[in-house]
Each structure stands twice: as C-alpha cells, then as structure tokens.
Amino acid sequence: MAPPAPHLVDEILEEIFLHLPTPAALARASTACPRFRRIITESSFLRRYRKLHPPPLLGVAADKGGFHPAQEPHPSAPLARALADAADFSYSFVPKPNNGWLTPWYSRDIRDGRVLLECSSLWEIEPVFTNLAVCDPLSRRYVLLPPIPEEMTVKQERLVQFEPMLAPTGEDEVETSFKVICTAHYKSKLVACVFSSVTGQWYVAASPTWSSLGTVEPSWKCLSHLNYLCGCFYWTAISEKSKLLVLDTRIMEFYTVDVLTGYHLQLINQPHQSVCMPTIVDGTLEMFTLVGDYSPNLFRLYHTTRQNNGESSSEWQQKNVRVASPMFLFRSWCS
C-alpha cells in the first residue's frame with residue numbers, strides 16, 4: 001500500500017493539534033520534531049486554534065497605567081503574575097511627542113496583545129485629534145502614529161468627539177501588522193479614519209452623514225460607550241437611546257439598529273432602566289437591560305434577542321428575566 005500523501009498527513013496532524021487543550025500543550029508538541037513545529041507555527045493554524053481556544057483572562061490593564069493580574073484560585077493566576085513581572089504597563093519605554101505640555105500615556109484599547117495609547121495637551125478643553133501610539137508591554141516594542149492629515153477632517157465644522165480603537169486582525173492579515181480606527185463625530189457626519197502599520201499612513205474608510213444613517217446628530221457624546229463583538233463595534237445608544245450605532249470592521253461600514261421595537265417598548269417606561277450591553281450568541285444580536293426598583297433594593301435583568309440580519313424592522317423579543325439584589329449582580333459580573 002502506498003503511503004498517504006504528505007499534505008494529507010499534515011491535515012490529519014493539524015486536526016489532532018487543534019484538540020490540544022492548552023497553549024502549553026501545543027508548545028510542548030511543537031518541540032517533538034521539525035514537522036510538528038512547522039505545522040503548529042503556521043499563521044493559518046494558529047488562527048484556527050485561537051478560535052477554538054480563546055486566550056485565558058490574565059488580568060485588567062488600568063486606563064492610567066498599571067496591571068491588576070488575576071488572583072488565586074483563578075487558573076491563570078501563575079501566568080498572570082509572570083506577565084505582571086515581565087511587562088511594563090507604565091509604558092515608560094514609549095517616548096512622548098515633543099509638542100508641548102502633554103499628559104502621560106494612558107491606554108484607550110487593548111487587543112491581540114497590543115495596547116493603544118493616547119496622550120493629549122494638558123490645556124485642551126475642546127475635543128482634538130490626540131497623539132497616539134501602539135505598543136507591546138511585554139516586548140517593549142512601540143509605534144508612534146503620525147497625525148491624522150488635515151485634509152481628512154471636516155474643516156467647516158467643530159469636532160464634537162474623537163474616539164480611537166484597535167481594529168481586530170483580519171483572517172488574511174499578517175499577525176505582526178495592525179490597524180487603528182479613529183471615529184470623528186461632527187455635527188453633520190461621522191468620519192472613520194484608519195491607520196495601517198503596513199503602509200504607515202491614514203486613510204478615510206467611511207464618512208456617512210447622520211441623516212444617511214436614519215438618525216439625527218446625537219445631542220451628547222455618543223461614542224464613549226462601546227462594545228466589540230464578532231468584528232463589529234457597537235455604541236449604545238444614539239438618538240435618544242432609540243438606536244444602536246454599529247461599525248462593521250470587515251467591510252468598514254456604519255449602520256444603525258433600532259432599539260425601541262417589540263418588547264423594548266415596554267421597558268422604556270420602566271423606572272431606572274439602562275441598557276447594559278449588546279452581545280452576539282449563535283449569530284443573534286442580544287441585549288441586557290437592567291431595571292432597578294430602589295425601594296425593595298431589587299433589580300431585574302431583562303434578556304432580549306433580535307435576529308442579526310440587518311433588517312431594521314426586526315423586533316426585540318424577551319428571552320429571560322432574572323431578579324436579583326445589587327450585591328448578587330456585582331458578584332455575578334465580577335466572577
């Protein structure tokens with residue numbers, strides 16, 4: 001019998017390696033022979049492995065610097081302590097631009113082992129385009145981003161809000177590269193500029209008007225409360241809390257999702273209600289709404305769902321309601 005083709009053997013080995021439970025086990029397997037190492041270190045395999053085995057929680061990086069590692073009995077506690085000892089979360093290795101009195105570097109976003117840093121003038125009151133850098137606190141490598149070109153701004157209007165974030169690494173992108181997305185909120189439109197580490201330049205990816213998104217300009221800074229889920233950034237909520245603003249980073253397009261449909265129409269008149277966050281479960285857009293009644297000191301957590309098919313006419317439906325005290329909710333979210 002002829003031996004199996006080499007590429008078939010590699011595919012079988014890859015499927016076996018995908019079932020190894022931890023990165024440590026994967027690292028040990030890679031030392032067995034050159035063939036194992038070649039398969040395990042390929043970018044396509046590592047992307048598949050990370051999808052099946054999400055990275056463990058190691059801790060929380062504070063906005064103003066510092067790292068709070070996971071503590072015992074969390075299973076990641078030993079690795080978290082090692083990271084805290086080896087990495088520099090004060091970002092002292094990142095030089096500040098020489099353009100006046102500036103704040104220290106502070107983190108704005110963390111993704112794929114990188115930290116997006118920002119520093120601004122100590123005397124700025126109005127929103128401005130700030131200084132940005134991307135760094136790896138463990139290896140102490142960094143990139144200082146160039147300023148956003150003036151021609152990419154809306155010169156005739158005042159900047160209302162500026163929000164930078166790290167873009168997720170795409171399926172076909174090299175893992176050593178990265179992108180930074182900056183959203184600029186103006187009176188008439190929303191502009192998304194993207195910096196690519198490959199080209200070292202900024203470009204405008206999207207610039208829809210508020211009217212084209214089916215809404216009016218928000219009366220307050222709407223881009224502060226965001227969540228990242230499955231390739232999309234969600235801001236909650238704009239237009240008097242009636243819509244979610246969504247940026248799909250896979251196609252770099254903005255759109256809105258109606259909040260006040262279906263069961264949410266019943267929740268809007270509840271006392272002390274606030275939308276906690278959206279989430280994606282099996283391709284379905286879901287949301288949690290916290291409703292509080294302070295007299296008996298109890299809260300109700302409403303779980304609603306909506307098909308994530310991009311149709312604004314889809315209605316929200318109640319999925320579950322949980323009654324709990326504030327302390328129970330605090331312990332649940334922190335665990």
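Numbers below:
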| item | result |
| --- | --- |
| Per-region count, segment 51-63, residues surrounded by 11 or more Cβ atoms within 10 Å (Cβ to Cβ) and either small (Gly, Ala, Ser) or part of a loop (DSSP other than H, G, I, E, B) (or both) | 7 |
| In segment 72-92, the residues that are of a type in the set (Asp, Glu) and assigned to a helix (DSSP H, G or I) | Asp85 |
| Residue check, Trp105 open to solvent by 40 Å² or more (accessible area, probe 1.4 Å), touching a residue at least 12 places away in the same chain (Cβ under 8 Å) and either in contact with a Ser or Thr (Cβ under 6 Å, 6 or more places away or on another chain) or more than 25 Å from Phe17 (Cα to Cα) (or both) | no |
| Hey, Ala70 free of Cβ contacts under 8 Å to residues at least 12 places away in the same chain, within 24 Å of the chain's Cα centre (by Cα) and surrounded by 13 or more Cβ atoms within 10 Å (Cβ to Cβ) or not | no |
| Where Ser219 falls short, out of the listed (1) at pLDDT below 85; (2) of a type in the set (S, T, N, Q); (3) within 30 Å of Tyr49 (Cβ to Cβ) | (3) |
| Residue check, Ala27 open to solvent by 40 Å² or more (accessible area, probe 1.4 Å), among the small types (Gly, Ala, Ser) and either modelled with pLDDT under 90 or over 27 Å from Pro75 (Cα atoms) (or both) | yes |
| Flag if Pro164 is of a type outside the set (Val, Ile, Thr), open to solvent by less than 20 Å² (accessible area, probe 1.4 Å) and closer than 30 Å to Thr41 by Cβ | no |
| Single residue of Val198, Val291, Val204 found to be modelled with pLDDT of 85 or more, touching a helix residue (DSSP H, G or I) at 6+ places or on another chain (Cβ under 8 Å) and either closer than 22 Å to Met152 by Cβ or not acidic (Asp, Glu) (or both) | Val204 |
| Residue in segment 86-97 that is among the acidic types (Asp, Glu), at pLDDT 85 or above and surrounded by fewer than 17 Cβ atoms within 10 Å (Cβ to Cβ) present | yes |
| Single residue of segment 98-119 satisfying the filter (modelled with pLDDT of 80 or more and in a loop (DSSP other than H, G, I, E, B)) that is nearest to Val60 (Cα to Cα) | Gly113 |
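Residue by residue, here is whether (1) under 24 Å from Cys230 (Cβ atoms); (2) hydrophobic (A, V, I, L, M, F, W, C) holds:
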site: Arg38; (1), (2): no, no
site: Lys51; (1), (2): yes, no
site: Pro56; (1), (2): yes, no
site: Ala86; (1), (2): no, yes
site: Trp105; (1), (2): no, yes
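The values are calculated or read from the model by the stated rules, or taken from the named source; none is laboratory data. Keep in mind that this is a model prediction, so the values were computed, not measured. Note that we place each Cβ from the backbone using ideal geometry, even for glycine, and neighbour counts take in every protein chain shown. Heavy atoms of the whole protein, side chains included, go into the accessibility calculation; ligands, DNA and RNA do not. Shrake-Rupley method; radii C 1.70, N 1.55, O 1.52, S 1.80 Å.
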